[in-house]
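Since the structure comes first, as structure tokens, the remarks are kept for the end.
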Amino acid sequence: MLTPRLEAIAEMVEPGATLADIGTDHGYLPLALLNRGVIQSAIAADVNEKPLESAKRNTPDNLKEKMQFRLGNGLEPIGAGEVDQIVIAGMGGELISEILSADWQKTRSFASLILQPMVKVAHLRQFLKENGFYIEDETMVQEGSKFYQIIKVKHGQEQKLQPIHMEIGAGIIEKGGPALEAFLSFRISRIDRILSQLDRCGSEKQEEREAWKWKREELLEVKRNVGKGNH
């Protein structure tokens with residue numbers, strides 16, 4: 001049983017693909033995909049030995065031939081073009097960017113990448129835009145009080161994005177759904193608290209106050225148009 005976050009990632013994996021899960025932790029994602037018969041084979045890679053040992057223990061005998069375990073940093077343990085899809089989930093947007101830029105020839109040898117940044121989503125989106133990746137699919141899921149954006153990208157096509165799409169993907173806005181609506185309400189409520197604090201500071205914070213008001217209006221506009229496909 002996968003968490004909503006991992007289930008959303010699993011739904012973006014191509015049927016019949018070969019997969020490498022970078023920072024695999026306990027190997028839950030590749031194991032679930034193998035067990036369901038979605039993928040042909042998987043490489044579980046992690047920079048730490050303990051999670052890999054845990055993943056090995058979690059692997060049933062009937063799947064051991066289809067699952068490899070490799071110790072190493074980022075994409076280092078994976079050969080260029082060795083798999084169809086790469087998953088990098090549960091890391092910060094800056095770290096994901098560093099992993100992808102460490103070896104461009106290798107990064108561009110994979111058919112697609114499924115990325116799930118924990119923080120610095122806008123940083124990762126800007127990085128992807130600047131380096132010729134386009135977003136093929138994206139979604140948002142909620143687990144408790146946390147919100148996660150999952151982004152599936154391919155290389156080789158320029159994509160124009162509006163500033164708001166750096167923070168919340170155009171595809172996510174178009175799809176709409178309860179997770180996005182809850183996220184927008186959360187962000188607007190947070191900005192309201194910031195504005196309330198700034199109002200007590202007097203005129204010296206006017207510029208900062210205006211910037212937050214603009215951000216609030218931008219998010220309200222998104223909320224009004226969720227699911228309408230006009231962003």
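The values are calculated or read from the model by the stated rules, or taken from the named source; none is laboratory data. All values derive from a computational prediction rather than experimental measurement. FYI the Cβ positions are ideal-geometry reconstructions off the backbone, even for glycines, and counts take in every protein chain you see. These accessible areas exclude ligands, DNA and RNA; they are computed on the full protein's heavy atoms, side chains included. Shrake-Rupley method; radii C 1.70, N 1.55, O 1.52, S 1.80 Å.
Angle check, please: helix 206-225 long axis (alpha carbons) against the longest principal axis of the chain (alpha carbons), in degrees 0 to 90, nearest 10.
Value to nearest ten degrees: 60.
What percent do you get for the relative contact order of the chain when only Cα pairs under 8 Å and 6+ apart count?
15 percent
By how many degrees, 0 to 90 and rounded to 10, does the Cα axis of helix 49-58 deviate from the longest principal axis of the chain?
70 degrees
For D199, project a label point 7 Å along Cα to C-beta. Then give me every residue of region 160-193 with its amide nitrogen under 16 Å of that point.
Under cut-off, by backbone N: 188-193.
State the percentage of accessible surface on region 88-211 attributable to carbon and sulfur atoms; use a 1.4 Å probe and exclude ligands, DNA and RNA.
47 percent
With the cut-off at 1.5 for a/c, could you classify region 1-120 from its C-alpha gyration tensor as rounded, prolate or oblate?
Since a/c stays below 1.5, the shape of region 1-120 is classed as rounded.
State in Å² the accessible area per residue of the chain; use a 1.4 Å probe, count heavy atoms of protein chains only, and round to the nearest integer.
Solvent-accessible surface per residue comes out at 51 Å².
Report the gain in length on full extension from L220 to R190: 0.36 nm times residue separation, minus Cα-Cα distance, nm rounded to one decimal.
9.5 nm
Evaluate the distance, in nm, between pseudo-label points positioned 7 Å from the Cα of L2 and of E94 along their respective Cα→Cβ axes.
2.9 nm
Can you tell me the 0 to 90 degree angle between the C-alpha axis of helix 178-199 and the longest principal axis of the chain, rounded to 10?
Roughly 40 degrees, rounded to the nearest 10.
Where Rh is the Kirkwood radius over the Cα pairs of region 118-231, the temperature 4 °C and the viscosity 1.567 mPa s, what D in µm²/s does Stokes-Einstein return?
It comes out at roughly 85 µm²/s.
Which semi-axis lengths, in whole Å and largest first, follow from the square roots of five times the eigenvalues of the Cα gyration tensor of the chain?
36, 18, 17
Let's test the formula: R0 of 25 Å, r as the Cβ-Cβ distance of E49 and A102. What FRET efficiency results, to the nearest 0.05?
0.75
Charges on Cβ only, +1 for Lys and Arg, -1 for Asp and Glu, centred on the Cα centroid of region 1-89; of V47, M1, T18, which one is farthest towards the dipole's positive end?
M1
Taking the full set of protein chains and a 1.4 angstrom probe, give the accessible area of V121 in square angstrom, rounded to the nearest 10.
Estimated to the nearest 10 Å², V121 gives 30 Å².
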